[in-house]
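*Asks:* Starting off with a structure, shown below.
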Amino acid sequence: MAFDLKRLSDFLKGGPIVGLRRTRAATRATMLVERLWPLVLPLVIVVSLFVSLSWLGVFRILPDWPRLGLMALFGAAALAALWPLRHFRSPGAGEIDRRIETANALRHAPLRSQDDRLAGASDPFAAALWREHRKRLATSLGGLKGELPRTGIPDRDPWALRAVAPLLLVVAFAFSLGPGGGSLTDGFRAAAGPQSVPPRIDAWVTPPAYTGKAPLYMTADANQGQSLFTVPEGSLVAVRVTGGSGTESLSYLDAHTAEETAFEPAAPTAPVTASSRAGAAQTVSQFSGPLAADGLLSLRRDEEGEEIANWSFTVTPDDAPQIRFAEEPTRAVNGALQLTYEIEDDYGAVSARAVFEPADAAPGARPLYEAPEMRLTLPRRRGDEIVARTSRDLTEHPWAGTLVDLTLEAEDGAGQIGRSEAERFTLPERPFINPLALALVEQRQLLALDANAKQRVLDLMDAITLRPEDTIPELTHYLGIMAARARLDEATSDDQLRSVVDYLWEIAVTIEDGSLTDAERRLRMAQEALREALEEGASDEEIEQLMAELREAMQEFLREFAERAMQNPEQAMPMPQNGQEMRQSDLERMMDQIEELAKSGARDEAQQLLSQLQDMMNNLQAGRQQQQQGGEQSEMRQQMDQLGEIMRRQQELMNETFQMQQGQMQQGQQGQQQPGQQGQEGEQGQGGQMSPEEFTEAMRQLQEGQGQLRQDLQSMMEALEGMGLQPGEGFSESGEAMGRAGDSLGEGQGERAVGEQGQALEALRRGAQDMMQQMQQAMEGEGGGQQPGGRSRQGADRDPLGRPRATTGPDFGDTVRVPDEIDVQRARRILEAIRERLGNALSPELERDYLERLLEMR
C-alpha cells in the first residue's frame, strides 16, 4: 500500500498535472472561439466592406450626402452586428472539464470527481474508500487532448458568401497602392471640389505674310527665358487662355506715348469640356491685335488686377520702298524703252510700275489715250541685288515721240508706295523712212493727243492725197488712206476716233515694212504674255501653253526674216566681229531654259532670261538695218584671227615641250633601275626612249618653231600700228618671254622653257584683251556711239544674241546665271584629262599630288 501511495503522489505532482492544465487552457480557448466567432463575424464583415470601399476610392468620388448616407448605413450595420455580443458567456471550469471528458471519452467523470467531497459525517472507512476511488480515476487522466473549435458557421452559410468580403478586401488593398486608390479616412472627409488647375496660356506673334518670317511662339519652351522679342511692324499678336476664370484682359502699353490699349476678346468666352480628371468645364478666352510700336503686352485678371504674364516687344519699322534710276532712260536697238533702276525695301517690293505724264500738253487738249502702262521687273529677292532692268516696246503707243515726265513707283506688301524723281525725256518712237508713212504717223499722233484736231487731220490727209499719182505709187496705199479719211470724217465718238488712230498706224507700218510686222507683233505679244504670266505666278500648264505660242511665233518671225533677207541681200545683218552667229538652236535652247526655270519655281530667273531673249531679238531686228562694215573692220578681223592662231601655236609648243621633258625624266628614272628589271622591261621601253642626239634635235626644232612664232607676233604688232592701234604691253612681254623660251630650248632646259612659254601665253591673252578694247573704241567712234549692228556702248561686250563675248572675261552677275554648254564641255574634258593622267603609273609623284589636289578643289 505504501508503494501505491508514493506512485500516486508522484503522478499527481508531476507531468500529468501540467498536461491537464494545458488541455484545460486549450479547451477553454476552443470554447471561446466557438462561442465568440459566430457573434463577431457579422461585425468583421461590415468592417471589411467599409475598408474595401474606402480603399477602392468610393467615398472619394461620392458627393457629400450619398457619402454620409453610406457611412450611416455602415454605422447601423456595425451596431446591429454588436447586438448579439450581449449573449456571450465565458465557459466555466465544469464546462471545460466536461468538454475534455467528452472529447477523450472518459467514463465516470474522472476530472470532475477530483474536486468532489464526501457528504455527511467523517467516516474513516468511507474516506479511505473515496481516496482509493480517486486514485483509480486519476490513472485514466494521462494523455488527455483537446479538440478544434466547431463554430457551426458552414451550416449557417452553406454557399460561403462570407468569402466575398476577404476577396474584395485583397483586391481593394492592391488597388489602393495605385494612383487612383483611396484611404480609410475618405469616408470621414467632405468631398473635395474641382481640382484647381493653373490656366494654360498660349501666346504667339504672326508677322505679315510678305515678310517671309515664321510665326514666333513666346510661350514655347525655347523662349521661356526670353523677355524681349523683335517683330516686324504690322505683326499680329494672339493670346489664348484655357482654363482661366474667363475674366482675363489683355492690354498693350506703348513705350513711346505711354498709352495703354486694351485688346478685346476675339470671340465671346466659351466653355469647353476639359480632359482633366475632374471632367469639369473650362473656359477659353482669346485676344488678338496689331503691334505698331515698341511696348509691353500684359495679361491680367480683371477682378484682382493681378498680372498673369507679360512680354516686351521691339517693333522693327517697315519703311516705304525706295526706287531710283540707276541710269537714264535709254532707247534699245529696236526702239523699245529700256529702264535700269534700283529698288530697295526691307522685305522686297511686290510690284513696280512706270508712271508717264505729258510734259508739254496743249491747253484744252482732249487726248484719246491714257498714258502708257509699264510694269517693271523686280530684282531677285535672293541675294543683295537691287538693280533691275525692264525693256518695253512703246513705239506703237500714240504717246511715242512726245516729251514726258517719267516717275517710277514701287509698292511693298504693306501697301506703302515709294517714288523716284521725275525724269523728262522723249518717249522712243519707231523711225520711219518712207515719207508717206511718216506723214501718216504724224497725223495719227496729232489726232490721238487731241480729239479736237480732227478737222486739221482731215486737211492734212487731203493735202497728201492731192496728187496721188506723184506721191503715192501703190494703189493699195492710196485706197487705205482714203478709207481712213472717210472713217475719220464720219467718226462722232471717241471710240470711233480711236479706231481711226489704230487704222492709220496699220497703214503706216504696212507702207514701211510690209508683212514682216505681223510676225514681229505676234512675237512681242507672246513675249509679253509670258512675262505677265511669270509675274502673276501662273500654273505650269499655262506656262507650257505660252511657251508653245512663243516657239511658234519665234519660228514664224525667223522664217519671214530669212525670206526678207533673201529678197534684199544688201540689207542682211552683218556677221558679228567675233565670229559668232545666231543659230536657231541657240534660241530654242534658251526657251527650254526659260520653261525649266519657270516650272522649277525660279520665276525671277525665268523673267530675267526672258528679258535677255528679248534683248537678243532687239539686236537681231536692229541688225537687219545695218550694212556691211568697211574694209578696215575686215582687216581688224584678220588680225584677230592671226592672234588666235599665234595663241594656238604657242599652246601646242608648250604642250610638246612639256611632253618631251616628261619623257626625258621617265627615261632617266628607268636608267636608275636594277639590271634585272632593265632586262625585263627593256623590250617594252625601247620603242619610247630617245637617244641624247635625238633629244637634242627635237629641242632644236622646238627652238626654231618658237623663234618663228616670235617673228609672226612682231609682224602682227607692226600691222596693228599701221591700222592706228597701239599694241599693248602684253604683246611686248610675250615677245620677250618667247625669246627666253627659245634660249632655254637651245640649252636643253625643257622645264624652264615650259615656264617661259606659259608666261608668253598669259601675256598674249592680256594683249588680246587690250587690242579688243581699242578695236571696240575705234568702231564706236565711227558709229556715233554705237557698235555694229546697232549695239550701244553699254552692250558692246555682247554679241547680236546678247551673250557675253568670249574675250571679255567672266560674268560679273549682270545676267542670269545659266552655265554655258561650251564651258560645261570644256570642264568635262579637263576632268577627263586629269583622271587619265592620274591613271598613268609612270607619272612622277609630284605631278600626281598636284593633280589630286586639283580634283579635290572641285
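*Asks:* Between T465 and T247, what is 0.36 nm times their sequence separation minus the Cα-Cα distance? Round to one decimal in nm.
*Replies:* 69.6 nm is the gain from fully extending T465 to T247.
*Asks:* Taking a ≥ b ≥ c as the square roots of the eigenvalues of the Cα gyration tensor of region 357-500, is the shape rounded (a/c under 1.5), prolate (a/b larger than b/c) or oblate?
*Replies:* prolate
*Asks:* Determine which residues of region 215-254 fall in the zone a paramagnetic label at T316 would reach in this model, i.e. backbone nitrogen under 16 Å from the point 7 Å along Cα→Cβ.
*Replies:* Correct set: 215-217, 228-236.
*Asks:* So what is the accessible area of region 713-753 per residue, in Å², with the probe set to 1.4 Å?
*Replies:* 47 Å²
*Asks:* Let me ask you something else. What shape does region 40-81 take by its C-alpha gyration tensor, where a ≥ b ≥ c are the square roots of the eigenvalues and a/c under 1.5 counts as rounded, a/b above b/c as prolate, and the rest as oblate?
*Replies:* Cα axes put region 40-81 in the oblate bin.
*Asks:* With a 1.4 Å probe and every protein chain kept in, tell me what percent of the accessible surface of region 444-566 is carbon plus sulfur.
*Replies:* Carbon and sulfur: 49 percent of the exposed surface of region 444-566.
*Asks:* Then there's this: With r defined as the distance between the Cβ atoms of L438 and D540 and R0 fixed at 56 Å, what FRET efficiency is calculated, to the nearest 0.05?
*Replies:* Calculated transfer efficiency: 0.75.
*Asks:* Can you tell me the order of 336-343, 366-373, 453-460, 201-208 when each peptide is scored by its average per-residue count of other Cβ atoms within 10 angstrom, highest first?
*Replies:* Per-residue mean Cβ counts within 10 Å order the peptides as 336-343, 201-208, 453-460, 366-373.
*Asks:* Be a star and scan region 359-390 for residues whose amide nitrogen sits under 17 Å from the point 7 Å along the Cα-to-Cβ vector of D502.
*Replies:* Once the point is set 7 Å along Cα→Cβ of D502, 368-373 turn out to lie under 17 Å by backbone N, inside region 359-390.
*Asks:* In nm, to one decimal, how far is the modelled label at Y217 from the one at E396, with both set 7 Å along Cα→Cβ?
*Replies:* Spacing of the two 7 Å Cα→Cβ label points: 5.5 nm.
*Asks:* Now a separate question. Give me the Kirkwood hydrodynamic radius of region 703-755 in Å, from all C-alpha pairs, to one decimal place?
*Replies:* 11.7 Å
*Asks:* In addition: Given 0.36 nm per residue, what is the gain on full extension from E528 to R35 after removing their alpha carbon distance, in nm?
*Replies:* Gain on extension, E528 to R35, equals 166.1 nm.
*Asks:* Leaving out ligands, DNA and RNA but keeping every protein chain, what accessible area does R559 have, in Å² rounded to the nearest 10, with a 1.4 Å probe?
*Replies:* 130 Å²
*Asks:* Given a 1.4 angstrom probe, what's the average accessible area per residue across region 445-547, in square angstrom?
*Replies:* 52 Å²
*Asks:* Can you put W130, W505, W83 in order of accessible area, largest first, using a 1.4 Å probe?
*Replies:* W83, W130, W505
*Asks:* Quickly work out the T102-to-A25 label distance, labels modelled 7 Å from Cα along the C-beta direction, and quote it in nm with one decimal.
*Replies:* Distance between the two pseudo-spin positions: 2.4 nm.
*Asks:* A further question follows. How much length would be gained if the chain were fully extended between I61 and Q773, taking 0.36 nm per residue of separation minus their Cα-Cα distance, in nm to one decimal?
*Replies:* Contour length minus Cα-Cα distance gives 246.6 nm.
*Asks:* Carbon and sulfur atoms: what percent of the 1.4 Å accessible area of region 360-425 do they account for?
*Replies:* 45 percent
The values are calculated or read from the model by the stated rules, or taken from the named source; none is laboratory data. Since this is a predicted model, take the numbers as computed values, not measurements. Here the Cβ is made from the backbone with ideal geometry for all residues, glycine too, and neighbour counts use every protein chain on show. Surface areas here come from the heavy atoms of the whole protein model, side chains and all, with no ligands, DNA or RNA. Shrake-Rupley method; radii C 1.70, N 1.55, O 1.52, S 1.80 Å.
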